[in-house]
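The values are calculated or read from the model by the stated rules, or taken from the named source; none is laboratory data. Given the structure is predicted, the values throughout are model-derived calculations rather than measurements. Cβ coordinates were reconstructed from backbone atoms using ideal geometry, including for glycine residues, and neighbour counts include every protein chain displayed. Please note that ligands, DNA and RNA were not included when accessible areas were found on the heavy atoms of the full protein model with its side chains. Shrake-Rupley method; radii C 1.70, N 1.55, O 1.52, S 1.80 Å.
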Amino acid sequence: MLRLRRWVRDPRIEVLLSILTPFIAYWPPEELGGSGVLATVTAGLYISWNGLRLISAATRLQGIFFWDFFIYLIEGMVFLITGLQARRLLGGIDHYSMQDLILSATVVTAVVIVTRFVWMYPATYLPRWIPAVARKDPAPPWQWPFVLASTGVRGIVSLAAALAILLTTESGHPFPNRDLILFLTFSVILVTLVGQGLLLPFVIRALGLANAGRRERHADRAEEFKARRQAIEAAIERLDQLAAERKLPEEIVAPIRAYQQERITRVAHRSDGDDGHKKLMQFRDDVEIELIATERKLINDLYRSGKLKDEARRRIERELDLREARLASVRAEE
């Protein structure tokens, strides 16, 4: 699908293919007796890892807005379904006593919360016994897994799993205890979303992590600007190579080099923007595309090696996509 999207080179068709991809990934294994869900997740992981090289800048820019809107619609539909199911659910559990319902909800919710804590610490620290993993991502203090465990299980995924249960069995009889399963799911969501959610600020302050997010953002920004500088320096080095290979005149190379140096100055002063690009519109040619590709490759290499966080990579990539889209737009006009 990624190569098909690269071949069509039309953002609208590419977005359509991206919508079809999970369904196409789901159908074959589901029909053959495998897990369509695992196949879909695998396809998503593969695309997120390899899409950096194969998805065009124009498609990424349009996809940002489309998928934000699409996810908003899906989440709204899920909560609408939740409300519709809740009313029908009340009639399906009226044969249970209130005491049994409260006891069952309490036990299941407690098991979910405790399991979350029991799982989080081994999942955090055991992989870091591997030296290669520990070098790239050192073990965090014990407070961090505690906060992650406190966020709990809530919302759409749990509800989607419960709603996916069939209404009837193959014999045509109602699926046993389906309404009770839905009720317990609602109970877990309510407790973890409202109960743990309201307690989360207190937990964060009690653990001394009130300013941890600010410190982490500061470290991430420093890492991001370091990556920006390395990318620009790689672009300048590539510019010198192109100038030598193609014997480009100095009147073309000098403004581009000056512009790249100006970008380094802005990065040194912690400025994000790219307004100075207008100065180079007269030199919109293959040289600028080569430089953008060089920057993108270095940024993706830093991301793959674990030296750059995904959020920072996405911000830098979006700027590169905007620059490439501007060049493509001007070329189309010409």
May I ask which residue of PHE65, LEU302, TRP7 lies farthest towards the positive end of the charge dipole of the chain, with charges of +1 (Lys, Arg) and -1 (Asp, Glu) on Cβ and the Cα centre as origin? LEU302
Computed over the Cα atoms of the chain, what is the ratio Rg over Rh, Rh following Kirkwood? 1.06
Rounded to the nearest whole Å³, what is the per residue volume of the convex hull around the Cα atoms of the range 188-239? 99 Å³
Compactness index (Cα Rg / 2.2 N^0.38 Å), the range 63-216: 1.31
Expected max-MSF residue from TRP144, TRP129, TRP49 in the GNM of the chain (alpha carbon, under 10 Å) is TRP129
In the P(r) worked out for the range 157-250, what percent of Cα pairs fall beyond 16 Å? 77 percent
Leading residue at positive end of dipole, the chain (Cβ point charges), from ALA160, SER97, SER150: SER150
Please work out how many pairs of lysine residues in the chain are eight or more positions apart (or on different chains) and have Cα atoms closer than 16 angstrom. 7
Please label the shape of the range 1-149 as rounded, prolate or oblate, based on the square roots a ≥ b ≥ c of the eigenvalues of the alpha-carbon gyration tensor (a/c under 1.5 means rounded; beyond that, a/b larger than b/c means prolate, else oblate). oblate
Expected 222 nm ellipticity per residue - DSSP helices of 4 or more, -39500 (n - 2.57), all of the chain, to 500: -26000 deg cm²/dmol
Determine the dipole magnitude for the chain: charges of +1 sit on the beta-carbon of Lys and Arg, -1 on that of Asp and Glu, nothing else is charged, the reference point is the Cα centre, and the result goes in debye to the nearest 20. 780 debye
In whole percent, how big is the carbon plus sulfur part of the accessible area of the range 107-148, probe 1.4 Å, protein atoms only? 79 percent
